[in-house]
1. Using Cα springs under 10 Å in a Gaussian network model of the chain, which residue among 97, 174, 134 shows the largest mean-square fluctuation?
2. Could you tell me what percent of the accessible area of the chain is made up of carbon and sulfur, with a 1.4 Å probe and every protein chain present?
3. Given axes a ≥ b ≥ c from the Cα gyration tensor, I'd like to know whether segment 1-61 is rounded (a/c under 1.5), prolate (a/b larger than b/c) or oblate.
4. Against the longest alpha carbon principal axis of the chain, how many degrees, from 0 to 90 and to the nearest 10, is the axis of helix 2-21 turned?
5. Filter the GluC sites (Glu not before Pro) in segment 1-80 down to the DSSP loop ones having no more than 11 other Cβ atoms within 10 Å, then list what survives.
6. In nm, to one decimal, how far is the modelled label at residue 82 from the one at residue 16, with both set 7 Å along Cα→Cβ?
7. Can you give the FRET efficiency to the nearest 0.05 for residue 156 and residue 32, using r as the Cβ-Cβ distance and R₀ = 30 Å?
8. How large is the dipole of the chain about the Cα centre if only Lys and Arg carry +1 and Asp and Glu carry -1, each at its Cβ, rounded to the nearest 20 debye?
Amino acid sequence: MAMAWLWTGMVAVSLAFGVLTGSVGALGNAALEGAAAAVELCVAMAGVMCLWTGVMEVMDQCGLSAALARLFRPLLRRLLPNASRDEETLAAISANLSANLLGLGNAATPLGIRAARRMAQGCGGTASHELCLLVVLNSASIQLLPTTVAGVRSVLGSADPFDILPAVWTASLLSVLAGLAAAKLLARVWRG
């Protein structure tokens, strides 16, 4: 609801300044050009999303996703010991992390929601420490292949859309470490 008010306010301010400065025609042209550019970007990104979602499906079918999930399980059992007791929750969390590693946030989100719902059962309306950790891991997400960002860069004409890999790896690793440290620190403060 807040975003609706924000966008309505921005449109109203733009129209008011357009009328005051006598440039309503330029404002209309800019709005139409922006809408056309948004449609072009969405259509181009649909192709990128289809490609990587297909890659994820192939990984599922050949068992590579399950192998990647098994690779995460020892770490997840250490980070989320209560959630690890439920095999289905652990599978959803592992798949969520696998999708995030491939930069497929749109595929990771439903898996993260499934895991969060299962983890929230029996919490009594208050998020548990482990549920907060899941949100941190899902939000910060270490990415090996930032496919969405690379897709946007490709659509906008980048000569090498994946030249950002070292920066993405560094930033995502640091954000996960900072998020985990903050979650652990806040859990101790809240308990104490």
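The values are calculated or read from the model by the stated rules, or taken from the named source; none is laboratory data. Keep in mind it's a predicted model, so treat the numbers as computed, not measured. Note that we place each Cβ from the backbone using ideal geometry, even for glycine, and neighbour counts take in every protein chain shown. Note: areas computed on protein heavy atoms with side chains; ligands, DNA, RNA excluded. Shrake-Rupley method; radii C 1.70, N 1.55, O 1.52, S 1.80 Å.
1. 174
2. On the way: 8330 of 11890 Å².
After summing per-atom areas, the C and S share lands at 70 percent.
3. Note, shape of segment 1-61 comes out oblate.
4. The angle comes out at about 20 degrees.
5. Details: sites: 33, 40, 57; in loops: none.
Counting only loop positions with at most 11 other Cβ atoms within 10 Å, none of the GluC sites (Glu not before Pro) in segment 1-80 qualifies.
6. Distance between label points: 4.9 nm.
7. Numbers: r = 20 Å, r/R0 = 0.66.
FRET efficiency, residue 156 to residue 32: 0.95.
8. On the way: 12 positive and 10 negative charges, 197 e Å.
It works out to roughly 940 debye.
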